[in-house]
Every structure is written in structure tokens, then in C-alpha cells.
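The values are calculated or read from the model by the stated rules, or taken from the named source; none is laboratory data. Remember, it's a predicted structure, so these values are computed and weren't measured experimentally. Every residue, glycine among them, receives a Cβ derived from its backbone with ideal geometry; neighbour counts consider all protein chains shown.
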Amino acid sequence: MKNVLIIGAGGQIPEVLIPLLQEQANLKLTLFGRNAEDLPYDNATKLSGDASNLSDVENAMKGQDIVYMNFDNKAVTEVVIKAMDKMGVKRIIQAGVLSVYGEVAEPFATWNSRMMGGRVAHNRGIEALETSDLDYTYMRMTWLYNAQKKDYVASPKGEPFLGAQISRRAIAQFVCDNITGKRNDIRTSIGLWEPGSENKAKPDFY
């Protein structure tokens, strides 16, 4: 049995991810968020707390094997890393953003940097993860939308970022594949987009 902690469990990706993980017989979920008790899931432990509060996070971290963190903020990531180190948890998957290395390729780069306010995204969790000793997977996600498409392209660090969109269902699939061992993206930053969205100037839904 693997114990999985979801930090930021009230978000839109967890809405798709949690039911997917609950289909796996060997996973036990702990849902952590500001109002976790209000979440509509059975067969999961719900803990309300603040992810920027070290003792709240340490409390949630007890006995966990894998952490999924549903947002990207360097200061909060540092708190989570500290709690993981103290509680002896090594594995984290974090939802992050594209362009942390200025890796987005044209024609999409121009639109993306205009929308994000620059070519490079700063103060992101990857900056803290890369200096930690954790087994991390940082997801550089392109622009998200809701659809049932679950295919994804997983692009390693150092390659140009090409895709303009991806469904939250596909992101949930990538997370699930890493949690269940179908993939093992350890100590790496992975670009994620939908097959066929390469070389678009912007997402279809804009």
C-alpha cells in the first residue's frame, strides 16, 4: 500500500486526479487543503491546513510515501521540502509552469511570453527542488483546459518546448503514471503538452 499526499487538493487538476487514483487498489489518499473537510470524496483522509505553515505540512506528511503538490510557489515549495526532509519522505511531483528556462519555441513563445509577462518564469518550485536531495518530478505544464483527452508528450529538460495546450485529464494521467510506476521521472523537469499542439501560435481556446 502506498500513501499519497495531495497538497492543494481543492484544485482543478486534483478534481480529475483524485478519482483516477481512487481506482488504484493499492493507494491510500490524504487530501490537504485550506478547506479539505468540504471536499466531496469518500475513502480519503482529509486534513485542512495552510501549505505555507510548516507544522501543518509536517502533520500531513506523517507516514506518506509520495507527495503531489498542485501549485507552484518557491517559498511554499521550500516549506514542503523542509517538512519532507524532517518526516523522511523522498518523492514529490509538483505542478509547475513552462518557460522556467526560457525554453519555449516559436511561434508559441511570442504569445506565451506576452501572456506571462516575460520569457522566463521566476520564483518557481523547480529552483528549490533542484537544490534539494528529493526524488522530484517538476511538471512544466503548457496552457490547461478541460477535455477527456489523456495523451501527453513528455519532453525532458534541455529540449525546446513546443506544445501550446494540454488537458487536465492528460496531466492527471502523467501524475498517475508516475505514482503507479508506469513512468519513473526522477529528479527531472518534464515539459508536458498535447500531441498535435506543436507549432501552434497559441492554444485553440484563446
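Of note:
- The requirement of being closer than 26 Å to residue 167 by Cα, β-branched (Val, Ile, Thr) and surrounded by 17 or more Cβ atoms within 10 Å (Cβ to Cβ) is fulfilled somewhere in the range 22-44, by at least one residue.
- Number of the condition not met by residue 9 [criteria: (1) under 22 Å from residue 186 (Cα atoms); (2) in contact (Cβ under 8 Å) with a residue 60 or more places away in the chain; (3) under 20 Å from the mean Cα position of the chain (by Cα); (4) not in a helix (DSSP H, G or I)]: (1)
Listed here are the residues, each with its yes/no results for (1) closer than 21 Å to residue 16 by Cα; (2) more than 17 Å from the chain's Cα centre (by Cα); (3) assigned to a helix (DSSP H, G or I); (4) among the β-branched types (Val, Ile, Thr).
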site: 131; (1), (2), (3), (4): no, yes, no, yes
site: 140; (1), (2), (3), (4): yes, no, no, no
site: 150; (1), (2), (3), (4): yes, no, no, no
site: 159; (1), (2), (3), (4): no, yes, no, no
site: 171; (1), (2), (3), (4): yes, no, yes, yes
site: 176; (1), (2), (3), (4): yes, no, yes, no
site: 192; (1), (2), (3), (4): yes, no, no, no
site: 195; (1), (2), (3), (4): yes, yes, no, no
site: 202; (1), (2), (3), (4): no, yes, no, no
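- Taking the criterion of being outside any strand (DSSP E or B) and either surrounded by fewer than 20 Cβ atoms within 10 Å (Cβ to Cβ) or of a type in the set (Phe, Trp, Tyr) (or both), the residues of the range 65-74 that qualify are 65, 71, 73, 74.
- Qualifying residue in the range 81-93 (condition: under 20 Å from residue 165 (Cβ atoms), part of a loop (DSSP other than H, G, I, E, B), more than 18 Å from the chain's Cα centre (by Cα) and without any contact (Cβ under 8 Å) to a residue 24 or more places away in the chain): no
- Checking 113, 99, 55 one by one, the residue that is assigned to a loop (DSSP other than H, G, I, E, B) and not acidic (Asp, Glu) is 99 and no other.
- In summary, residue 77 fulfils each of the numbered conditions (1) polar (S, T, N, Q); (2) assigned to a strand (DSSP E or B); (3) out of contact with any Ser or Thr (no Cβ under 7 Å at 6 or more places or on another chain) with the single exception of condition (2).
- Some residue of the range 102-109 being more than 15 Å from the chain's Cα centre (by Cα), part of a helix (DSSP H, G or I) and more than 21 Å from residue 69 (Cβ to Cβ): yes
- The condition of being modelled with pLDDT of 95 or more, of a type outside the set (Val, Ile, Thr) and crowded, with 19+ Cβ neighbours inside 10 Å does not hold for residue 127.
- Count - residues of the range 12-56 that are under 23 Å from residue 178 (Cα atoms), among the hydrophobic types (A, V, I, L, M, F, W, C) and without any contact (Cβ under 8 Å) to a residue 60 or more places away in the chain: 7
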